[in-house]
Ligand code: NAP
Ligand code: MG
């Protein structure tokens, strides 16, 4: 467990940080070809942090060419997996060495709490890189069932040049979820971080070069979705794109692929995840702790946030008392104060969107919170509402939990599944049979029983319905995204011998 510092110590680290601000292409930092930049801010203070290279399609072309050259000459793709492992383990070790600075940088750029950055984002990021590094020299290919006169091998090969497009809510962790398996598999990468949260990605690219990752294997092209994300999605020489973000943008990547070279596309998208509490749930304090964590962790800016509490009427009052008590312990304020659990939303634009939902909540039954604390900061809010209200249906991506009361288990499951999304779900019950029947019935890629969570690096993560497409992040299954299957069929007939 990380020993946390005090606020003033974190502020001192923040004041002394230095970090790259240019695109990272073919092993070096460089300005955008246009010379343009954009300003990235600390959303908690509104202060400008840096001017970042505002790249466009021409920079994407350069990065893809560098990635292609690296892939084809095999400087990374054809190394023994054990050598790739060693390089990635060195990267993980360097990240560990600079963990505190990375945590502060992440907090400054995204408004995330230093508590989360120190205890979850940075250690998990390092763990994920290590896990995929350790995995890659332990995966075996296959030999098919065959007659005596042939052998057929089924081998996995790296898919080639991959485009990775990231969201702003977990900049480091999503980076690790994608580059961990992509680099381990031997692919070359062109990565676009979200414009709001570019800094930690560039720092990792710098550390990767220091770890010995060859030039051209990991390229970071900074800039907006329209200027960089779209040209990457449409690029004829990109073999595959893995995207995490909103369902609306994910849909565009399918069009980009269809309109260009039919590149593979994997999408991790939004969610409106149900948390079902049946009337026999035990230890309501623990249940409330999971509910509150699920809803308000990372200010609710979490695709798997448990943002819909569906509770059976029999325990509504008792559970909501506990939820209120627990929510009251989630202090809102300066993200660099380690006692704070709720920091700033990522940007003014996103704050305005969430504030709009808070406004809509004012005409509903607000059970807790409901106020804007300061620009960028919204109190954890619990609001009881009808199952088909805008608040209960739309992905808010902020610290607003809706509560819907139901009368039966069947109704609970029906309400839970009544959504276009299907990323994650939770069910609480002391009765194992009811809980497991519920887990089977919930239409989501991850279902947690008597807890809120996403599994861990060992378990696949991705969505049913409009929460995902084409594959899974995390676990050994993540490697399916970044590899393709080849059959090598060998005829053993000895024609001279006539058999
Ligand atoms: P977003 O607007 O879809 O952005 C995601 C990424 O796509 C950003 O890098 C963005 O660039 C880029 N982008 C935007 N418009 C684009 C376009 N027209 N063409 C190509 N790229 C484009 O989503 P977000 O607001 O960053 O993140 C919040 C959403 O992500 C939520 O809906 C959440 O549920 C989802 N999410 C899902 C998961 C998961 O694993 N399933 C994880 C985290 C978040 P810029 O922002 O730089 O313009
Ligand atoms: Mg920022």
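Couple of notes before you dig in:
- Single match in 30, 75, 84, 68 (criterion: free of Cβ contacts under 8 Å to residues at least 40 places away in the same chain and under 24 Å from residue 163 (Cβ atoms)): 30
- Checking 63, 50 one by one, the residue that is assigned to a helix (DSSP H, G or I), within 16 Å of ligand 1 (Cβ to nearest atom) and in contact with a strand residue (DSSP E or B) (Cβ under 6 Å, 6 or more places away or on another chain) is 63 and no other.
- Here segment 134-172 is the region considered, the condition is being more than 16 Å from ligand 2 (Cβ to nearest atom) and under 24 Å from residue 25 (Cβ atoms), and the residue that is surrounded by the most Cβ atoms within 10 Å (Cβ to Cβ) is 163.
- Cβ-Cβ under 7 Å pairs, at least 6 apart or on other chains, segment 236-247 side free of Cβ contacts under 8 Å to residues at least 60 places away in the same chain, far side more than 7 Å from ligand 1 (Cβ to nearest atom): 236/260; 236/261
- Test: residue 167 is assigned to a loop (DSSP other than H, G, I, E, B), in contact with a strand residue (DSSP E or B) (Cβ under 9 Å, 6 or more places away or on another chain) and either without any contact (Cβ under 8 Å) to a residue 24 or more places away in the chain or at positive phi (or both): no
- Filtering segment 93-143 to residues that are in contact with a strand residue (DSSP E or B) (Cβ under 9 Å, 6 or more places away or on another chain), more than 24 Å from residue 459 (Cβ to Cβ) and without any contact (Cβ under 8 Å) to a residue 24 or more places away in the chain leaves only 143.
- The selection criterion, being away from ligand 1 (no atom under 15 Å from the Cβ), closer than 17 Å to residue 218 by Cβ and part of a loop (DSSP other than H, G, I, E, B), holds for residue 77.
- Considering only residues in segment 358-378 that are surrounded by fewer than 20 Cβ atoms within 10 Å (Cβ to Cβ) and closer than 27 Å to residue 121 by Cα, the one that is nearest to ligand 2 (Cβ to nearest atom) turns out to be 375.
- Residues that are more than 16 Å from ligand 2 (Cβ to nearest atom), on the phi > 0 side of the Ramachandran plot and surrounded by 15 or more Cβ atoms within 10 Å (Cβ to Cβ) do not occur anywhere in segment 72-79.
Rule-based calculations on the coordinates, nothing more; no lab input. Since we're looking at a predicted model, the values are computed, not measured. A quick note on method: Cβ atoms are made from the backbone with ideal geometry, for glycine too, and the neighbour counts reach across all protein chains shown.
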